[in-house]
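Structure first, commentary second.
The values are calculated or read from the model by the stated rules, or taken from the named source; none is laboratory data. Model, not experiment: these values are computed from the prediction. Don't worry about glycine lacking a Cβ; one is built from the backbone with ideal geometry, like all the others, and counts go over all protein chains shown.
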């Protein structure tokens with residue numbers, strides 16, 4: 001499985017490709033290894049990430065129209081499976097789940113208390129269809145949750161068991177700006193994955209340029225019905241997609257910009273629209289904040305501690321006993337989120353917390369666009 005330190009093949013192999021039947025063979029090869037395949041599929045009115053039983057459940061022939069506060073499915077004239085941009089979920093849902101039990105305790109009749117950490121074995125997932133921006137997001141969360149002195153007890157084991165199949169983007173969405181952030185649409189240098197696909201469509205059907213990024217990937221690739229290809233059509237499609245981003249953001253020295261505009265009037269303008277609902281933090285693939293809740297049964301003899309996602313937009317997120325919420329205004333909460341994501345994240349983790357996926361723009365009920373907010377802050381700061 002791919003980890004931050006997984007070796008990559010020492011010499012590039014000649015380009016190989018799969019057809020649509022080969023994609024099913026990939027699916028079967030992953031299942032033979034006891035992996036639960038998670039990938040995109042159509043549920044209701046969205047393309048979501050879910051456990052799949054076969055490649056037939058991929059969203060063949062579907063794409064999306066996405067803008068600020070807007071997301072709609074539409075049919076394509078072909079059978080492309082990965083010609084869609086990010087949906088409402090990210091892979092964070094499976095690696096850093098919204099709710100996880102940390103421990104449970106039982107009190108015996110004599111009053112003795114037994115405490116047990118949750119030791120449920122982590123699921124063994126194969127992620128099929130990880131976009132370059134989301135691959136970067138996983139690397140960011142690797143740094144946050146496993147890169148310090150302590151490894152997160154939920155994320156760490158789940159991450160170590162994952163097989164990553166990346167898919168390069170050839171159809172960016174209306175809110176995508178991964179090119180600005182250096183995270184796509186092709187796989188950036190140093191990306192960690194097991195296998196990578198690039199989808200193209202012609203009169204002969206679907207084609208998937210495929211290459212390996214790890215020894216586990218080499219092993220799976222050797223079992224697949226591939227054929228030689230020059231790969232240029234796929235690479236050209238990725239290059240062309242880089243020029244069709246729906247958004248752009250000047251990412252130059254964001255840390256300095258955020259630190260120098262703490263009193264900007266723009267924060268009042270965005271606060272006037274912000275509902276402080278926290279949608280942006282829930283759909284963001286790198287937001288990681290959590291809180292804990294303790295529960296007991298009716299007897300009081302069994303207790304459990306659960307961890308669940310939290311949001312800096314929650315009024316109680318910054319609550320201090322005897323003081324109340326430190327960030328009581330919408331202005332202060334939105335500013336906290338954006339300045340952390342684009343600025344102080346560098347101080348903590350050495351990179352931006354934004355990967356340019358655009359989810360926070362699409363799933364904001366009032367269509368707040370962080371690329372517009374950054375541009376407005378630059379203008380107010382007098383930058384050219």
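Checked against the criterion of being modelled with pLDDT of 95 or more and closer than 25 Å to residue 66 by Cα, region 213-235 has at least one qualifying residue. Scanning region 182-195 for residues that are out of contact with any helix residue (DSSP H, G or I) (no Cβ under 7 Å at 6 or more places or on another chain) and either surrounded by 21 or more Cβ atoms within 10 Å (Cβ to Cβ) or not assigned by TED's automatic domain parsing to the domain that holds residue 87 (or both) returns no hits. Scanning region 305-329 for residues that are in a loop (DSSP other than H, G, I, E, B), surrounded by 15 or more Cβ atoms within 10 Å (Cβ to Cβ) and free of Cβ contacts under 8 Å to residues at least 24 places away in the same chain yields 310, 318, 327. Of the set (1) surrounded by 13 or more Cβ atoms within 10 Å (Cβ to Cβ); (2) in contact with a strand residue (DSSP E or B) (Cβ under 7 Å, 6 or more places away or on another chain); (3) not assigned by TED's automatic domain parsing to the domain that holds residue 373, all apply to residue 290 but (3). Looking only at region 129-144, decide whether some residue is touching a strand residue (DSSP E or B) at 6+ places or on another chain (Cβ under 9 Å), surrounded by fewer than 20 Cβ atoms within 10 Å (Cβ to Cβ), assigned by TED's automatic domain parsing to the domain that holds residue 190 and touching a residue at least 60 places away in the same chain (Cβ under 8 Å). There is no residue in region 129-144 that is touching a strand residue (DSSP E or B) at 6+ places or on another chain (Cβ under 9 Å), surrounded by fewer than 20 Cβ atoms within 10 Å (Cβ to Cβ), assigned by TED's automatic domain parsing to the domain that holds residue 190 and touching a residue at least 60 places away in the same chain (Cβ under 8 Å). A count restricted to region 281-300 and to residues that are assigned to a strand (DSSP E or B) and more than 30 Å from residue 341 (Cα to Cα) stands at 2.
Among the conditions (1) farther than 21 Å from residue 307 by Cβ; (2) out of contact with any strand residue (DSSP E or B) (no Cβ under 8 Å at 6 or more places or on another chain), residue 108 misses just one, which is (2).
Residues that are in contact with a strand residue (DSSP E or B) (Cβ under 8 Å, 6 or more places away or on another chain) and surrounded by fewer than 21 Cβ atoms within 10 Å (Cβ to Cβ) were ranked within region 155-181; the one that is nearest to residue 360 (Cα to Cα) is 174. Taken over region 330-360, the residue count meeting the criterion of being touching a helix residue (DSSP H, G or I) at 6+ places or on another chain (Cβ under 7 Å) and either surrounded by fewer than 20 Cβ atoms within 10 Å (Cβ to Cβ) or within 24 Å of residue 139 (Cα to Cα) (or both) is 18.
Residues in region 21-67 that are surrounded by fewer than 17 Cβ atoms within 10 Å (Cβ to Cβ), under 23 Å from residue 222 (Cβ atoms) and in contact with a strand residue (DSSP E or B) (Cβ under 6 Å, 6 or more places away or on another chain): 36 alone.
For region 196-223, filtering for residues that are crowded, with 19+ Cβ neighbours inside 10 Å and under 18 Å from residue 130 (Cβ atoms) leaves 14. What about residue 230, is it surrounded by fewer than 12 Cβ atoms within 10 Å (Cβ to Cβ), in the same structural domain as residue 206 (by TED's automatic domain parsing) and over 23 Å from residue 352 (Cα atoms)? So residue 230 fits the description; yes.
Within region 193-206, the set of residues being modelled with pLDDT of 95 or more and in a loop (DSSP other than H, G, I, E, B) comprises 193, 194. On the stretch given as region 163-190, residues that are within 20 Å of residue 94 (Cα to Cα) and under 14 Å from the mean Cα position of the chain (by Cα) total 4.
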